[in-house]
1. Would you mind counting up the charge near Thr61? Only other residues with Cβ under 14 Å from its Cβ, with Lys and Arg at +1 and Asp and Glu at -1.
2. Rounded to the nearest 20 debye, what is the charge dipole size of the chain about its Cα centre when +1 sits on each Lys and Arg Cβ and -1 on each Asp and Glu Cβ?
3. Only Cα pairs within less than 10 Å get springs; with that Gaussian network setup on the chain, which residue of Ala33, Ala46, Ala84 has the largest fluctuation?
4. First select every other residue whose beta carbon is under 12 angstrom from the beta carbon of Cys47; then total the charges, Lys and Arg +1, Asp and Glu -1.
5. Volume per residue, Å³, of the convex hull around the alpha-carbon atoms of the chain?
6. Could you work out [θ]222 nm for the chain from helices alone, using -39500 (n - 2.57) per DSSP H run of at least four and dividing by all its residues? Round to the nearest 500 deg cm²/dmol.
7. What does the charge add up to near His108, with Lys and Arg as +1, Asp and Glu as -1, over the other residues with Cβ less than 15 Å from its Cβ?
8. So what is the orientation-averaged projected area of region 1-69, using the convex hull of its C-alpha atoms, in nm²?
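Just so it is clear, none of the values below were taken in a lab; they were calculated from the coordinates. Computed from a predicted model, the values in this text were never measured in an experiment. Please note: Cβ atoms are built from the backbone with ideal geometry, for glycine as well, and neighbour counts cover all protein chains shown.
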Amino acid sequence: MYPIPETAPFGARVPAYLQRLEHALNTCLPSAAADPKRLHEAVRYACTGGKRLRGLLVYATGETLGVEPELLDPPACAIELIHAYSLVHDDLPGMDNDDFRRGRPTVHKAYDEAIAILVGDVLQTLAFGVLAKAGVLDAEQRVLMIG
């Protein structure tokens, strides 16, 4: 799907890993066209942008340990979802009350506070769901990642 040239230094492989991670995120996020549309649109909005550093660290660690990239997709995706959730909740009026994140309005400014709370909740739940449903891993491995 996304060939990773094994002989190149990790920095040269970053674009392929980013493409792989974006595909994994796009696959696990709900469609903005699915009901409730406004919530799902806001979930996708919250996950747009960013450097994906945490996901890249998952791939780098896995590569160092000799783990196949397809086994790393679920944890890389999950850690990005958890990070997005933490940012959405941190930006809320009751916390930092930030107006902008990544150069655009925060979720609670672009939508509203109630939607932002739900977006964070959805992202956290999705992250654990991605790990729980990771068919490339056996049940024990999935439980260990969640726990």
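1. Numbers: positive: Arg13, Arg54; negative: Glu63, Glu68, Asp73.
It works out to a net charge of -1.
2. On the way: 14 positive and 19 negative charges, 68 e Å.
Dipole about the Cα centre, nearest 20: 320 debye.
3. Ala33
4. Numbers: positive: Arg44, Arg52, Arg101, Arg102; negative: Glu22, Glu41, Glu80.
That sum, taken over residues with Cβ under 12 Å, equals +1.
5. Working: hull volume 17.4 nm³, N = 147.
It is 118 Å³ per residue.
6. Working: 7 runs with 96 residues, N = 147.
That calculation yields -21000 deg cm²/dmol at 222 nm.
7. Net of charged neighbours comes to -4.
8. Working: hull surface 20.6 nm².
In nm², the orientation-averaged hull projection of region 1-69 is 5.2.
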